[in-house]
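**Q** Handing you a structure now.
Computed from the coordinates by the stated procedures, all read-outs in this text should not be read as laboratory data. Remember, it's a predicted structure, so these values are computed and weren't measured experimentally. Here the Cβ is made from the backbone with ideal geometry for all residues, glycine too, and neighbour counts use every protein chain on show.
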Amino acid sequence: QVQLVESGGGLVQVGGSLRLSCLVSGIIPSFNRMGWYRQAPGTQRELVATISRGTITNYADSVKGRFTISRDNAKNTVDLQMNSLKLEDTAVYYCTIVSLLTGQNYWGQGTQVTVSS
């Protein structure tokens, strides 16, 4: 089993910054991609950013230039630095890790990010 625990969510004003962290534990797939997704009320879960073990990154167009994803393979963590936050960034943010061999996807329980005016 793989466990993911997110932290760092909260309330921030427009233009502010937050840093989300995710600690992965358990039997972690050797070949994996880690990432962050988000889900706002009444919408589908959407990709925010992903990062491979070799630190190849991919971002949703809506967050490019504002968010930065990073990972520490030794600590089994993945972080999301969010700058210049907008109202539309309000959502529950989920950490994920996917095995590139089996396609098995694991999710954290999510952390709420609320951007206020």
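**Q** I need to check one value: relative contact order of the range 32-79, counting alpha carbon pairs closer than 8 Å and at least 6 residues apart, in percent.
**A** Worked out over the range 32-79, it gives 29 percent.
**Q** Treat every Asp and Glu Cβ in the chain as -1 and every Lys and Arg Cβ as +1, leave all other atoms uncharged, and give the resulting dipole magnitude about the Cα centre to the nearest 20 debye.
**A** Using Cβ point charges on Lys, Arg, Asp and Glu, the chain gives about 180 debye.
**Q** Given N residues in the range 44-117, what is Rg(Cα) / (2.2 N^0.38 Å)?
**A** Taking N as the residue count of the range 44-117, the ratio is 1.15.
**Q** Grab the Cα-Cα distance for K75 and Q104, subtract it from 0.36 nm times how many residues apart they are, and report the gain in nm with one decimal.
**A** Computed gain between K75 and Q104 is 8.3 nm.
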